[in-house]
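Below is one structure, written out as structure tokens, with a few remarks after it.
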Amino acid sequence: MNENTLVLKQELLRLLDQDFSQTHEQLARQLRVEPARIGEMIGELEQDRILVKCQPIINWEKAGLEDVSALIEVKITPQREVGFDAIAARIYRFPEVRNLFLMSGAYDLAVTVEGANLKEVAQFVSTRLATIDGVVSTTTHFVLKKYKEEGVIIDDEEADRRLPVSP
């Protein structure tokens, strides 16, 4: 891949990251290329697993579905020859797991999970996550309110506080 194509793909990814709902025509105008080229580049990015998934951000509370989210700190004992990867692979296969990150600091893995209620999340942690060989401890933090997710303000209720101008 030549340098111009690489730069063009990186710029396309930045635009998609800001607003994935843009059409190929809108993206093409911003990048000064033909819309067909946008489709080709998106196909290549998907094939190379650079563009992995495009997902909307939904305010589930407003939609009337209030699932419970939790961030779980997990301390583990790394396994010989595979380190953290084998345990991480067991954890990310659970359907409740939304995100899984290897961390530096006080704990090893940050796991975000979702469930229908507190009991369901607690059941997952106590019967499925904490019982994995190599898991030393877990600390669960329940999400009380989402203010911003993936760089998007969820419910901006800040009122216009300017004083009206009258003649």
Count of lysine pairs, the chain, Cα-Cα under 26 Å, sep. 8 or more residues or interchain, comes to 15
Sorted by chain and then number, the residues having a modelled amide H within less than 5 Å of the amide H of ILE154, at least 5 places away or on another chain, are LYS148, GLU149
FRET efficiency (ALA130, GLU81; Cβ distance; R0 22 Å; to 0.05) is 0.35
Rounded to the nearest 500, the 222 nm mean residue ellipticity computed for the chain from DSSP H runs (n ≥ 4, each -39500 (n - 2.57)) alone is -9500 deg cm²/dmol
Zone reached by a paramagnetic label modelled 7 Å from ALA106 Cα along Cα→Cβ, restricted to segment 59-84 with backbone N below 15 Å, covers 71-76
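Work out the length of the dipole vector of segment 1-144 about its Cα centre, built from +1 on the beta-carbon of each Lys and Arg and -1 on the beta-carbon of each Asp and Glu, and round it to the nearest 20 debye.
The calculation lands at about 200 debye.
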Kirkwood Rh, Cα Rg: Rg to Rh for segment 29-88? 1.21
On the formula 1/(1 + (r/R0)^6), with r taken between the Cβ atoms of ALA89 and GLN47 and R0 of 25 Å, the FRET efficiency rounded to 0.05 is 0.60
Cα long-axis angle, helix 3-18 against the chain (0 to 90 degrees, to the nearest 10): 70
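If you keep only loop residues by DSSP, which trypsin sites (Lys or Arg not before Pro) in segment 118-159 have at most 11 other Cβ atoms within 10 Å of their Cβ?
Details: sites: LYS119, ARG128, LYS145, LYS146, LYS148; in loops: LYS145, LYS146.
Counting only loop positions with at most 11 other Cβ atoms within 10 Å, the trypsin sites (Lys or Arg not before Pro) in segment 118-159 are LYS145.
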Give me the dipole magnitude in Debye, nearest 20, for segment 1-63 about the Cα centre, with unit charges on the beta carbon: positive for Lys and Arg, negative for Asp and Glu. 120
Give the residue list of trypsin sites (Lys or Arg not before Pro) in segment 2-58 that are DSSP loop and have at most 16 other beta-carbon atoms within 10 angstrom. ARG32, ARG49, LYS53
Using a 1.4 angstrom probe, figure out how much accessible area segment 38-167 has per residue, in square angstrom, rounded to the nearest whole. 74
Please report, as a whole percent, how much of the solvent-accessible surface of the chain comes from carbon and sulfur atoms (probe radius 1.4 Å). 50
Could you pull out the GluC sites (Glu not before Pro) across segment 86-163 that fall in loop regions by DSSP (anything but H, G, I, E, B) with no more than 12 other Cβ atoms inside 10 Å? GLU150, GLU157, GLU158
For q values of 0.19, 0.23 Å⁻¹, compute log₁₀ I(q)/I(0) with the Debye formula on a Cα-only model of segment 24-134, without solvent. -0.99, -1.22
Please report the net charge: other residues with Cβ closer than 12 Å to the Cβ of TYR107, K and R +1, D and E -1. -1
Give me a comma-separated list of calculated 3J(HN,Hα) values for segment 122-139, in order, Karplus coefficients 6.51, -1.76, 1.60 applied at θ = phi - 60°, integers in Hz, x for any Gly or Pro. 4, 4, 4, 5, 6, 9, 10, 7, 5, 8, 5, 4, x, 7, 8, 7, 9, 9
Extending each Cα 7 Å along its Cβ direction at ARG37 and ILE154, get the distance between those two points in nm, one decimal. 4.0
How far apart, in nm, are two points set 7 Å out from the Cα along the Cα-to-Cβ line at ILE58 and at VAL143? 1.3
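The values are calculated or read from the model by the stated rules, or taken from the named source; none is laboratory data. What you are looking at is a predicted structure, and each value in this text was computed from that prediction instead of being measured. In this analysis, Cβ positions are derived from the backbone assuming ideal geometry, glycine residues included, and neighbour counts consider all displayed protein chains. For the accessible areas, the whole protein counts, side chains as well, though only heavy atoms, and no ligand, DNA or RNA atoms are used. Shrake-Rupley method; radii C 1.70, N 1.55, O 1.52, S 1.80 Å.
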